[in-house]
Structure formats: structure tokens, C-alpha cells
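Every number in this text was worked out from the coordinates using simple rules, so none of it is lab data. Predicted model only: the values in this text are computed from it and were never measured. Virtual Cβ from ideal backbone geometry, glycine too; neighbours counted across all protein chains shown.
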Amino acid sequence: MKLLAEDCTKSPEAMVNSKLRKHCYGLDFPSASPAKHFIIDSKNGKTTKYYLLDLSVVEKTKKTVTTPVQLLNDKLPEEKLHDAYLEHRASIKNLLLEHILTSDPAFFERLVVDLLLAMGYGGDFPGAGLVSGAPGDGGIDGVIKEDKLGLDKIYIQAKRYTSNKIGRPDLQQFVGAMENVQKGVFITTSSFAKTAESYVEKQQKSIVLINGDLLCDLMLTHGVGITNIKSYSTFKVDTDYFMDE
């Protein structure tokens with residue numbers, strides 16, 4: 001069975017656009033050429049206008065806002081793959097947050113301890129990460145021991161909220177519980193009020209604030225609560241390999 005040419009490759013116009021984009025100023029991706037000869041000046045429907053690169057046009061380009069939707073049809077495969085990856089990552093983060101919010105409060109406290117251990121805080125010895133959340137715990141839900149003797153500790157406070165922001169009083173209670181401890185991590189599934197952030201900035205103790213979005217991002221990065229199904233690699237041609245010696 002014969003295959004038509006358009007079934008086997010891109011249209012001539014698409015091939016030219018692909019080549020031009022690899023040499024366009026402001027577009028950097030693995031297979032892009034380091035030599036930049038053109039810029040994308042405008043787009044009208046499916047027609048993109050390319051111009052030879054010069055300083056005056058570059059300045060004009062910097063002032064022109066081009067939305068991702070305008071360039072979608074011209075994107076190279078690796079650019080589309082990266083966009084799809086970001087979309088997939090955002091979707092998994094939303095699913096993680098849903099599972100956290102429907103889990104038992106005690107599970108959330110164990111989760112934040114597991115996360116800090118996965119990030120490299122504490123050691124590989126037994127008891128490096130402890131969950132201490134209980135009535136009368138004074139605002140401390142977990143402890144990370146950075147040495148076997150527990151001479152250096154990180155206190156953890158975990159608040160599982162859906163929409164309520166963490167305010168200054170929550171941070172004041174947490175700092176009050178950190179009597180002889182200088183490091184603390186306050187983690188919430190919601191977010192922090194400006195008053196809470198400004199309060200932490202004025203403290204002599206080292207306190208890190210982690211909101212719901214950052215929490216899920218760290219879980220993805222450090223493999224907590226997820227399973228890696230498949231990985232993809234992007235490639236570029238090794239031009240040095242084809243050079244004559």
C-alpha cells in the first residue's frame with residue numbers, strides 16, 4: 001500500500017517553521033540551535049511572521065506580549081511535552097491535596113515527618129523523625145532529630161485546613177512552644193496570612209512556612225505519596241559526533 005507524502009512527514013510550511021523556530025531569539029529548548037538568526041514578531045491565525053534578528057527588532061519584541069496560545073500550533077514536540085508535563089504535575093498535586101484533606105489528622109502529622117526525612121533532614125538512625133501530636137502537645141506535631149543524641153532538633157507544626165489561612169496567633173503559639181529549639185517548620189494545606197509571614201520574618205528563630213501548594217510540590221519532587229510510573233527523555237543531535245576529525 002502506497003503512503004502519501006503528507007502521511008509520512010510534515011507539510012513544507014510546517015518543516016520551515018520548525019527550522020526557523022530552532023534559530024529564533026527567546027526560544028530555548030534542548031534541540032534549539034545556539035545560533036539565533038530570527039525572531040517571532042507577530043502571529044495572525046496560523047501564519048507566523050519571522051524577521052531577521054537585529055537589535056531594534058529585539059527591543060520591540062521585548063515590549064510585545066505573546067501568549068502561549070498564540071504560539072501553540074508552532075511549538076516543537078519537546079515544548080509540547082514540557083507543557084504536558086507541567087499540566088500533569090499540577091493535576092497530581094491537586095489529587096495529593098484531596099487525599100491529604102480526606103485523611104485522618106494523625107496521618108497528616110506522620111506525612112509531614114516523612115516528607116522532611118525524605119528531603120534529607122534528620123539521619124538514618126531509628127527515631128530520627130517522631131510524631132508527637134497529641135492533646136496538650138503545646139503546638140508541636142513532630143520532631144526531627146538532626147543527630148543521634150537529639151542535641152539539634154527541628155520542631156514541626158501541621159495544620160490541615162481547607163480554606164482558613166494561618167494567622168499570626170498560630171505562629172505565636174508555635175514559637176512559644178519552641179523553648180530551647182531554634183528551628184521550626186510550619187506546614188499547612190491552606191495558606192498563610194500576611195500578618196503570619198511578617199511575624200516570622202521578625203523572629204530570631206529560623207522558621208520555614210510551607211503552604212498547600214508547596215507541600216504537594218515537595219511531595220512530588222521527593223517521591224512521598226506517589227509512584228513513578230514512567231519517565232521520558234528528550235534528545236538533541238550530538239553535532240560533535242558527526243564532525244570530521
For region 90-95, in order, what is each residue's ³J(HN,Hα) by Karplus, 6.51 cos²θ - 1.76 cosθ + 1.60 with θ = phi - 60°, in whole Hz (x at glycine and Pro)? 5, 5, 5, 4, 5, 5
Tally Lys and Arg at +1 and Asp and Glu at -1 over the other residues with C-beta under 12 Å from the C-beta of Phe125: what net charge comes out? -1
Which whole number of Å³ per residue matches the convex hull of the alpha-carbon atoms in region 84-190? 122
If you place +1 on the Cβ of every Lys and Arg and -1 on the Cβ of every Asp and Glu, how big does the dipole about the Cα centre of region 118-228 come out, in debye to the nearest 20? 240
Longest to shortest principal axis, alpha-carbon extents of region 151-245, angstrom: 69, 31, 28
Greater than 22 Å apart at Cα, pairs in Lys93/Lys194; Lys22/Lys49; Lys93/Lys159; Lys22/Lys93: Lys93/Lys194; Lys22/Lys93
Below 8 Å between Cα atoms, with a sequence gap of 6+, how large is the relative contact order for region 90-245 in percent? 20
Given Leu209, Tyr199, Thr239, which one lies farthest toward the positive end of the charge dipole of region 134-245, if we put +1 on the Cβ of every Lys and Arg and -1 on the Cβ of every Asp and Glu? Tyr199
Where the Cα atoms of region 81-145 are projected onto their three principal axes, how long is each span, largest first, in whole Å? 46, 28, 16
